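My questions will all concern the structure given below.
Any read-out appearing in this document is the output of simple, stated calculations on the displayed coordinates, not a laboratory observation. Note that the coordinates shown come from a computational prediction; the quantities given were computed from them, not determined experimentally. As a convention, Cβ positions derive from the backbone with ideal geometry for all residues, glycine included, and neighbour counts pool all protein chains shown.
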Amino acid sequence: MKKLMMMAVAAVCALPTMAESGDSLVFETIIANPVTSIKNQNNSGTCWSYSSLAFLESEAMKKNPKIKDLDLCESFLVSKTYMDRADRNVRTHGDASFSQGGSFYDAIYCMANYGLIPEGNMPYPNTLYGDSLFNFTSFFPPMEAYIKAIAKSEAKKINPMWKKDVQCMIDNYFGKCPETFKYEGKTYTPQTFVKEYLKLDPNDYVSLTSYTHHPFYSSFVLEIQDNWRWGSSYNLPLDELMRVMDESVKNGWTFAWGADVSEEGFSRRTGKNRCVATVPDTKSNAGVGSDQSKWTGEKAGAKISVADGAGEKTITQEMRQLGYDNWTTTDDHGMQIYGIAKDQNGKVYFMMKNSWGEYGPYKGFWYVSKPYAAYKTMNIVINKNAIPKDIRKKLGI
């Protein structure tokens with residue numbers, strides 16, 4: 001697909017990032033680890049593909065300093081994932097969901113079982129309307145309906161030809177996945193490209209989360225619809241999850257970040273400070289001990305000590321759990337966290353790479369407050385070597 005390019009991130013982050021006219025925050029970069037160019041998922045629910053591949057691109061550049069830039073192919077990952085997801089949906093008679101979404105684990109599974117390929121080795125989507133970016137408006141609904149008809153069929157026996165029909169739908173849109181291709185003068189298979197060029201090991205990557213309905217320091221299948229492969233996440237107390245996020249970035253790592261972006265504090269469209277995510281403090285309106293305070297958990301549990309959280313809610317483990325349990329925290333969007341910045345007031349933010357094109361005043365990049373990350377992170381996928389040793393020991397990895 002056509003990619004929206006930008007200046008090298010190193011150049012962008014060399015100076016403090018200024019807010020556009022009308023915005024009140026001014027950001028200064030503390031650390032920005034290497035990331036690749038901004039991409040645009042356009043009219044598709046494939047953020048999981050863009051964010052996980054953005055993360056793996058950074059991993060490959062960290063692993064092999066000779067790689068200065070990299071663009072992995074989303075079409076390959078999406079094609080392999082949709083075929084596997086259709087199979088799971090039919091095998092469970094439709095109980096395992098089939099949708100445009102996915103999980104970071106889909107990329108790790110694809111890398112381990114099918115490989116990965118660079119962009120340019122599959123045809124760009126090009127409908128009769130001339131789309132050069134993903135546009136699933138006409139592509140996905142007919143395929144979804146066909147798979148539902150098979151999965152919910154009352155037939156006593158399923159004709160295995162349905163898989164060929166679905167594969168044809170996928171291939172007609174994305175093109176066929178290549179078995180071999182040339183890259184920088186050498187011939188690879190998708191599997192050898194991972195091993196020999198990217199030099200990535202799928203076993204290096206783990207998912208981390210923080211919820212109290214499972215024991216801490218154990219692993220469990222995160223109960224969200226797009227975790228259809230039933231991948232496991234290690235469960236950490238919130239303060240330790242935040243420590244992993246903070247220390248990993250400071251030590252030169254990035255990670256894939258899954259979070260709820262439906263909150264009012266995730267400012268994306270109008271007004272001041274667009275492309276900034278915060279959790280505005282409303283305690284003064286609710287009052288400690290009020291009914292609202294009771295349901296938001298503002299007075300309960302161990303608090304996360306975030307010195308730069310002035311003006312925002314203090315996030316507790318109970319608040320996180322309640323948001324997950326009552327569906328106010330949902331599995332909305334996949335992104336990449338790659339840096340740390342501070343505003344003119346000294347408040348610290350994570351720097352985030354999005355997949356909505358060069359959107360907003362920061363041309364596709366966002367600033368996420370630590371309270372927002374503590375409250376609305378669903379899970380992260382990270383290189384296990386980026387996790388502090390004492391926490392790794394507790395997890396047994």
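Would you kindly derive the ³J(HN,Hα) couplings of segment 229-238 from the backbone phi angles with the Karplus curve 6.51 cos²θ - 1.76 cosθ + 1.60 (θ = phi - 60°), listing them in order in whole Hz, with x for Gly and Pro?
7, 6, x, 8, 10, 7, 9, 10, x, 4
Would you kindly work out the equivalent ellipsoid of segment 180-257 from its C-alpha gyration tensor and give its semi-axes, the square roots of five times the eigenvalues, largest first in whole Å? Write out the running numbers ahead of the final one.
Values: eigenvalues 210, 62, 16 Å².
Its equivalent ellipsoid spans semi-axes of 32, 18, 9 Å.
Just list whichever of 163/353; 63/353; 39/176 have alpha carbons separated by over 24 Å in the model shown. Mind dumping the intermediate values first?
Working: 163/353 36 Å; 63/353 20 Å; 39/176 22 Å.
Over 24 Å Cα-Cα: 163/353.
Taking the Cα centre of segment 9-395 as the origin and placing charges on Cβ (Lys, Arg +1; Asp, Glu -1), which of 54, 350, 135 is farthest toward the positive end of the dipole?
54
Here is a follow-up. Step through the residues of segment 107-119 one at a time and calculate ³J(HN,Hα) from phi using the Karplus curve (6.51 cos²θ - 1.76 cosθ + 1.60, θ = phi - 60°), rounding each to whole Hz and writing x for Gly and Pro.
For segment 107-119, the Karplus-derived couplings read 5, 5, 5, 4, 4, 6, 9, 10, x, 9, 9, x, 4 Hz, x marking Gly and Pro.
Here is a follow-up. Rounded to the nearest 20 debye, what is the charge dipole size of segment 329-374 about its Cα centre when +1 sits on each Lys and Arg Cβ and -1 on each Asp and Glu Cβ?
Values: 5 positive and 4 negative charges, 48 e Å.
It comes to approximately 240 debye.
Give me D for segment 9-395 in µm² s⁻¹, whole number, from Stokes-Einstein with Rh from the Kirkwood sum over alpha-carbon pairs, 25 °C and 0.890 mPa s. Don't jump to the answer; show the numbers that get you there.
Numbers: Rh = 22.0 Å.
Approximately 111 µm²/s, per Stokes-Einstein.
Positive end of the charge dipole of segment 9-395 (Lys, Arg +1 and Asp, Glu -1 on Cβ, about the Cα centre): tell me which of 225, 108, 242 has its Cα farthest that way.
108
Could I ask something else about it? Run the dipole for segment 9-395 about the Cα centre, Lys and Arg Cβ at +1, Asp and Glu Cβ at -1, nothing else charged, and hand back the magnitude in debye, nearest 20. If you can, show how the numbers build up before the last one.
Working: 44 positive and 44 negative charges, 136 e Å.
In total the dipole reaches around 660 debye.
Run the numbers on segment 9-395 and let me know its relative contact order in percent, using alpha-carbon pairs under 8 Å that are six or more apart. If you can, show how the numbers build up before the last one.
On the way: 707 pairs, mean separation 90.0, N = 387.
Once divided by the residue count of segment 9-395, the mean separation gives 23 percent.
Right, something else. Could you tell me whether segment 70-192 comes out rounded, prolate or oblate from its Cα gyration tensor? Rule is a ≥ b ≥ c as square roots of the eigenvalues, rounded for a/c under 1.5, then prolate if a/b exceeds b/c, otherwise oblate.
On the way: a/c = 2.14, a/b = 1.58, b/c = 1.36.
Prolate, because a/c is 1.5 or more and a/b exceeds b/c.
Moving to a separate point now. Within a Cβ distance under 12 Å of residue 251, other residues only, what is the Lys/Arg minus Asp/Glu net charge? Could the numbers behind the result be given before it?
On the way: positive: 62, 243, 250, 389; negative: 246, 247.
For residues surrounding residue 251, the net value is +2.
Please arrange 91, 85 by counting, for each residue, the other beta carbons lying within 10 Å of its beta carbon, fewest first.
Details: 91 12, 85 22.
The fewest-first ordering by Cβ neighbours comes to 91, 85.
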